[in-house]
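J.: Sharing a structure below in structure tokens format, with a few things to ask.
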Amino acid sequence: MRIGVLTAGGDAPGLNAAIRGIGHEALRDGHAFIGINNGWAGLAAEYAGRPLSAEDINYIVGQGGTILGTARYDLDNPAGGRQRVLEAIGEHFDAVIAIGGDGTQRISNWLADRGAPIVGVPKTLDNDLMGTDYCIGFDTAVSIVAESIDRLITTAASHHRVMVVETMGRSNGWVAAMGGLAGGADLIIVPEFPVTMDEVRAHVKHRRASHYGFSIIVVAEGVDMATLGGHEAEALSTEGVRGVRLATRGVGNFVANAIDAEGGVEVRTTVLGHLQRGGSPTAYDRIWATRVGVAAYRAVVDGHYGTIPVVRGNEVVLAPLGDVALGQRPLPRDLYELCSTFS
Ligand code: F6P
């Protein structure tokens, strides 16, 4: 078989572990293993497939980024991109494995509905893909947030300051909540459970009056400023539509400025940004990326197209692509409430 693999959307630590897992199995079984460069662009624009050997994928398990390159490539603007991908798959491959988040898997599902021999692999640092407990890159991001807070807490405590930490998380607060929980943040603001700036200021006052005297506030970049309220919130929120780089919208600075405006406490902001996506994956990400990658390869050889291996508890199971492409998975209330008990 000619088996192609691509990585689409934002990069995430663990992508190379998945590529390596798929490739070693495919090459061992005598198949041609073809890396498609730069996601869907490598099929919809100029064809960019290249055969990969065992040497190409040796020792990449701990390497960040993706050896294939990736892109946020819009197949619908201009129209016709999806059709070109469908034709390129028919021309060059017996099967394609698409590693990506919700946008990627919606395309995979569209292609599968039209007969393409395609299998997905769940990846998004935001961890909000429907139907799976795990997405490639999430564990590394959480570890980076936790380590960053470890470092910020010592300086916050020394200066009796409020430190606002802005994390990734476009529509959902998984990275903010789990990173904040692991790092010991005392307030975590996520898109799923809105708070107002009055509540944030009351929290800061309470922390100032407590024996701590400092505060670590984590806010996910996708939090709607309009729900926080206050100066300029409406105008800033209208920029928060999909496609806008949320980190440049500046919800972290917005929260910090609103606290600062009250006076009485020094406030600083740290925007973690792409540090959360860079560098080597954690062991957890390497292991699970390998497991879902290898499961995707097995789905291909068993002819289970239109599926995606997902993690449920401690197991990898095959789910229909339609199940994960349907929507996003919000942070559940019980986990949010657990985070809220450490204020
Ligand atoms: O979708 C994953 C993600 O990391 C989001 O959390 C973030 O908003 C976005 O990607 C950033 O994308 P880019 O690298 O294109 O700026």
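The values are calculated or read from the model by the stated rules, or taken from the named source; none is laboratory data. Nothing here was measured: the structure is a model prediction, and the numbers come from that model. Every residue, glycine as well, gets a Cβ built from its backbone with ideal geometry; the counts of neighbours run over all protein chains shown. Accessible surface areas use protein heavy atoms only, side chains included; no ligands, DNA or RNA. Shrake-Rupley method; radii C 1.70, N 1.55, O 1.52, S 1.80 Å.
J.: Cα centroids of region 75-120 and region 247-293: how far apart, whole angstrom?
T.: Centre-to-centre (Cα) distance: 32 Å.
J.: How far is helix 102-113 tilted, in degrees, relative to the longest principal axis of the Cα atoms in the chain, given as a value from 0 to 90 rounded to the nearest 10?
T.: For 102-113 against the chain, the angle is about 30 degrees.
J.: Whole number in Å², please: accessible area per residue of region 16-161, 1.4 Å probe, ligands, DNA and RNA not counted.
T.: For region 16-161, the solvent-accessible area averages 39 Å² per residue.
J.: Given an 8 Å cut-off on Cα distances and at least 6 residues of separation, report the relative contact order of region 138-278 as a percent.
T.: 33 percent
J.: Taking the Cα atoms only, what angle lies between the long axis of helix 197-209 and the longest principal axis of the chain, rounded to 10 degrees?
T.: Once rounded, the angle reads 60 degrees.
J.: Rounded to the nearest 500, what is the 222 nm mean residue ellipticity of the chain from helices alone, with -39500 (n - 2.57) per DSSP H run of 4+ residues and division by all residues? The partial results should precede the final answer.
T.: On the way: 15 runs with 148 residues, N = 343.
-12500 deg cm²/dmol, from helical runs alone.
J.: Relative to the first principal axis of the alpha-carbon coordinates of the chain, what is the inclination of helix 251-262, with its axis defined by its Cα atoms, in degrees from 0 to 90 and to the nearest 10?
T.: Here the helix axis deviates by roughly 0 degrees.
J.: Given a 1.4 Å probe and heavy atoms of the protein chains only, how would you sort T66, T196, T248, largest accessible area at the top? Display every interim value, and only then the final one.
T.: Values: T66 25, T196 55, T248 95 Å².
In descending accessible area the options line up as T248, T196, T66.
J.: Between A209 and E266, what is the spin-label point distance in nm, taking each point 7 Å from the Cα along the Cα→C-beta axis?
T.: That separation, rounded to one decimal, is 2.4 nm.
J.: By its C-alpha gyration tensor, with a ≥ b ≥ c as the square roots of the eigenvalues, how is region 138-278 shaped: rounded for a/c under 1.5, else prolate for a/b larger than b/c, else oblate? Display every interim value, and only then the final one.
T.: Values: a/c = 1.84, a/b = 1.11, b/c = 1.65.
Here region 138-278 falls in the oblate category.
J.: Here is a further query. Go ahead and set up a Gaussian network model of the chain, Cα springs under 10 Å, then flag whichever of V85, V324, V119 fluctuates most.
T.: Of V85, V324, V119, the Gaussian network model singles out V85 as fluctuating most.
J.: Just reorder T269, T132 by solvent-accessible area, largest first, 1.4 Å probe, all chains present. Kindly include the intermediate steps, with their values, before the conclusion.
T.: Values: T269 45, T132 0 Å².
Largest accessible area first, the residues go T269, T132.
J.: Ok, one more. Taking the Cα-to-Cβ direction at L338 and at R312 and moving 7 Å from each Cα, how far apart do the two end points lie in nm?
T.: 2.1 nm
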